[in-house]
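First up is the structure itself, then whatever we jot down about it.
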Amino acid sequence: MVVSFAKDSKLEIIKESIEDSGNAQAFLAGLLHSAGTITKNSEGIRVDIVTDFKEMYSQVNVITQKLYGKELTLEISDDYIINKTTYYRIKFPIEISMQVLKDCGLYSEEEGINLSGQIDLNIVADEEQKKNFIKGAYVGCATSSIKLSELGSQLPTTGYHVEFSSHHKVFLEGIEGLLKGFDIQSRIASRKRIFVLYLKDSEAIKDLLALIGAEESVMALADEMAKRGLRNTVNRQVNCINANINKTVEASLKQISAIKYINKKIGLESLPEDLQEVAVLRLANPQESMEELLKLSTIKLTKSGLNHRFRRILKIADFLKEK
């Protein structure tokens, strides 16, 4: 069994309450930039959050009550089921929606609604606000291919990959810049109709998780890295052992073939006594390595000495084949 890394890290993040109003506003701004929608009807403009991660509702509701004194509603509709994934709509009351957009840098009197995804620098004025903006964006649009293994289960083969996705490249460039400020490197690529900012380096992913307060996820990822590192070490050792076994088998077959050919042509008794001894030893122990043959031998020989005798036997067999 494997555990969803992205969801667990998000659950960890939203458990932590955000006391400071500026940090709460930055978190909400990151969330609306990454998962917000704006609709207009006869009653006015309303901002919603559309997500498949309904667990975020409680924290967003607490933040909105703290900042605006209003409660949000959570709805589900068949219209929001895409590829068998259920999506939820967290609805902000119309009477506060415009103010929320303004406070999150998504609307201004001069320019109207911010459609470019440009991050308002006033929202991320200090380090804590930057962290909380990134945290909100992570909860809103981050996904991961990382799978964590459980005890006794087969280790996943997926690599380390976390990405933020958006229709707005400018928004992701803003996230990229914020991450660079914390020495976390990321890259942006286009994929079909969207853009993605991604991290593939496991250390960079750990730094990101630590930055946004997902300490348990950092430890879980470090543990997974250790497991996979051990598996890779074991695999290399097994491959090395198998290679050595193959070499042993190949050498043994070659030696036995030469010995049998000599016996057929001139008889083993025609060989010098020192070669007869190792020839008989090999025929009696066809599967043993050179080290094991040395242990079984009654003759005091080094490994190089034993190798030298087998090389002489091979040369004699080659000589007989050429005659």
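Of note:
- Couplings for region 195-204, taken from phi via the Karplus curve 6.51 cos²θ - 1.76 cosθ + 1.60 with θ = phi - 60°, read 10, 10, 9, 10, 10, 10, 7, 4, 5, 5 Hz in order; Gly and Pro are left as x.
- Charge dipole (debye, nearest 20) of region 2-213; +1 at Cβ of Lys and Arg, -1 at Cβ of Asp and Glu: 700
- Cα centroid separation - region 157-180 against region 1-77, whole Å: 19
- Across region 109-119, coupling constants 3J(HN,Hα) worked out from phi with the 6.51/-1.76/1.60 Karplus curve, θ = phi - 60°, read 5, 6, 10, x, 6, 7, 9, 7, x, 4, 7 Hz, and Gly and Pro carry x.
- All C-alpha pair distances within the chain, sorted into 10 Å bins from zero, spread as 5, 21, 21, 12, 7, 7, 8, 9, 7, 3, 0 percent across the bins.
- Largest-first principal axis extents of the Cα set of region 9-112 (Å): 41, 36, 22
- Note on region 17-106: Lys pairs 8 or more places apart or on different chains, Cα atoms under 27 Å apart, count 15.
- Under 14 Å, Cβ to Cβ, from GLU128 - net charge with Lys/Arg +1 and Asp/Glu -1: -2
- Candidate cross-link partners of LYS295 among the lysines, defined by an alpha-carbon separation under 17 Å and a same-chain spacing of 8 or more, comprise LYS303.
- Compared with the dominant Cα axis of the chain, that is its longest principal axis, helix 303-322 is turned about 70°.
- Cα-based shape type of region 239-322, given that a ≥ b ≥ c are square roots of the gyration tensor eigenvalues and the cut on a/c is 1.5: oblate
FYI, it's all coordinate maths here, none of it is from the lab. As the structure is a computational prediction, the values presented were derived from the model and not from experiment. Backbone-built Cβ (ideal geometry, glycine too); neighbour counts: all protein chains shown.
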